[in-house]
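Notes for the one structure printed next.
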Amino acid sequence: MHYFLGVDMGTSSIKATLLDEEANILFTKKIAVQLINPAEGIYEIDPIKTWWQGFSSICAGLKAEVDLHSVKAVCVSSVCGSFVPVDQNFNPLYNAILYGIDTRAKKQVAFLNEKYGEEYLREHLGGLFNTHSVIPKFLWLKENYPDLYQECRYFVESNNFVTARLTGTARWDFPTAAGTRLVDFQTMNIPEKILSDNGLDQGKIPDFSWPTAKIGEVHHTAATATGLKAGTTVVQGACDINAEAMAIGAINPGDLVFVYGSTISSLLTIERYITLKGFNPGMSILENTYRLGGASSSGARFIDWMDQLIGESYLNNRADLPTGILILPYLDGARVPFDNPLAKGVFFGLQRKTEKKDLYLAAREAIGYEVGLLLDKLNSVYPVSGTIKAMGGLTNDQALMQMISDITGKKQKVYKGIDASFGDALLAMTTSYSLIEIDQLVNVRKVRNPSTIFTPDETMHQAYQPLVGKYNRLYENLKELF
């Protein structure tokens, strides 16, 4: 019997799933992740203590359950747009710099956007640089830590930090690279002109490959450290939302995925390359498929902050909805669709009669308004499905999910009990099966059945429409003040 291991390294946790040859889930595990936030706009992770030791801990726990030498293939995913500068032995020279919530390179973003202009950047990279882009952060490291920059052999993406230490091979996956403005769509390679113009060493950026490609095999040193068998196949993998789409079988054109996690990530798979201002275009899991999407500024991080501020929890009484209060949740600047690190959080519509329960509910309405805003913009360039396939921790809040459906008018199919690590394990299975064969496995079909379906209440949807219109105009009317 062979096994397939999937591991996802997220913003708040590391998750793992082990499957057998029939896709039975044999093992799941979750480990908390410690974020480092030493200053405003700086978000990092210690890659050894958190990712490598976390992966090794997963393997140690697995060893108590099964024979690790029976693991045939491993696939790792992680937070998109994060990277680590490493030496030739893949030892980190600096903490991992996280995705768009890390805004340290605002100056470099502005400099590069002014230097090349929106037309050139849209044609070659899919859009302007933003805080999710890695090239401005490469430049930030070069300017602020020149000795470290010189010593750096590679900038490896976050999942490749683990897989490179397993295999000795540095390589970025196409979807992640494209989503961070690291792929020139005219050449399907690194943007050589931009890198050379700014004195950035092209050799520090690994080659690209597709998520189902074999990156290499576990070497003897890594086998000793993890307990995996030397020669175990390691699959390229991708960023977490691609793995989550794989988990629920939403990787075909027209599929629309929202992951309600620490932030809200959206992924619309399409059959052709399309750009949309404020969104991250790029490739999807399968060759010749593309995507539009990105991560917003709201999500569990925002709701947790609001709940701590309010200090109490309130039941969702539908008679109290809509609250009429609009909140821009830009505590760390605006991400998709505005890409404005200078944006701030805004409360609009407060009255003397406003109570804590109103703010509690308004914080959740803000999630729905932002999802609706993203859908409206996506629909302006591609017909959006009437059904959202939803995952993530916030889907456990059924009142919130109903509220989102009421605001957006979209049906939501919620998938529980699986996460990105299940998708990773399925990607690992591609070493033995075709995607069609995997889709037809009884256990895969069983797991992919939605656990809950939320249908919009038409009366509530109509009640929300005037407020949706106001919300969609609120940022534009305030952006000059930011």
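Quick rundown of the values:
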item	result
Radius 12 Å from Cβ of G423, net charge of other residues (Lys, Arg +1; Asp, Glu -1)	-3
The range 1-140: C-alpha gyration tensor shape, a/c 1.5 cut-off, then a/b vs b/c	prolate
Calculated from backbone phi, Karplus (6.51, -1.76, 1.60) coupling profile of the range 101-115 in Hz, x at Gly/Pro	5, 8, 10, 4, 9, 4, 5, 5, 4, 4, 4, 5, 5, 5, 5
Within the range 3-241, percent of DSSP bridges classed antiparallel, to nearest 5	65 percent
Residues whose placed amide H lies under 5 Å from that of G216, excluding near-sequence neighbours	V234
Those trypsin sites (Lys or Arg not before Pro) in the range 368-464 that DSSP places in a loop and that have at most 15 other beta carbons within 10 Å	K416
Low-density loop cleavage sites - trypsin sites (Lys or Arg not before Pro) in the range 289-369, where at most 16 other Cβ are within 10 Å (DSSP)	K344, R352, K353
Whichever lysines have a C-alpha closer than 24 Å to that of K193, once near sequence neighbours (fewer than 8 apart) are set aside	K106, K107, K115, K137, K142, K204, K277
Convex hull (Cα only) mean projected area of the range 3-241, reported in nm² to one decimal	12.3 nm²
Karplus 3J(HN,Hα) series, Hz, for the range 155-160 with 6.51 cos²θ - 1.76 cosθ + 1.60 (x for Gly, Pro)	9, 9, 5, 4, 6, 6
Net charge of neighbours whose Cβ lies under 11 Å from the Cβ of D457, counting Lys and Arg as +1 and Asp and Glu as -1	-1
Sparse-neighbourhood loop sites, GluC sites (Glu not before Pro) in the range 242-316 - DSSP loop, at most 12 other Cβ within 10 angstrom	E287, E312
Extent along principal axes [Cα atoms of the chain; Å; largest to smallest]	67, 53, 42
Dipole magnitude of the chain, debye to nearest 20 (Cβ charges: Lys/Arg +1, Asp/Glu -1, about Cα centre)	520 debye
Reachable lysines, given that their alpha-carbon falls under 24 Å from the alpha-carbon of K29 and they are not under 8 places away in the same chain	K15, K49, K63, K72, K229, K389, K416, K446
Whole-Hz couplings from phi, Karplus 6.51/-1.76/1.60, listed for the range 380-390; x for Gly and Pro	6, 10, 7, x, 8, 4, x, 10, 9, 9, 10
Reachable aspartates and glutamates, given that their alpha-carbon falls under 19 Å from the alpha-carbon of K344 and they are not under 8 places away in the same chain	E40, D102, D304, D307, D332, E365, E370, E476, E480
Under-5 Å amide H pairs with H2, H placed in peptide plane, nonlocal only	E21
Calculated [θ] (222 nm, deg cm²/dmol) that DSSP helices of n ≥ 4 give over the chain, each run adding -39,500 (n - 2.57)	-11000 deg cm²/dmol
Between the range 63-108 and the range 395-452, the Cα center-to-center distance that results, in Å	24 Å
Long-range amide H partners of N189 with built H, under 5 Å	D184
Global form of the range 343-392, assessed from the alpha-carbon gyration tensor, a/c cut-off 1.5	prolate
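No lab work stands behind these numbers, since they all come straight from the coordinates. This one's a predicted model, so the numbers in the text were calculated from it and none came from an experiment. Note that we place each Cβ from the backbone using ideal geometry, even for glycine, and neighbour counts take in every protein chain shown.
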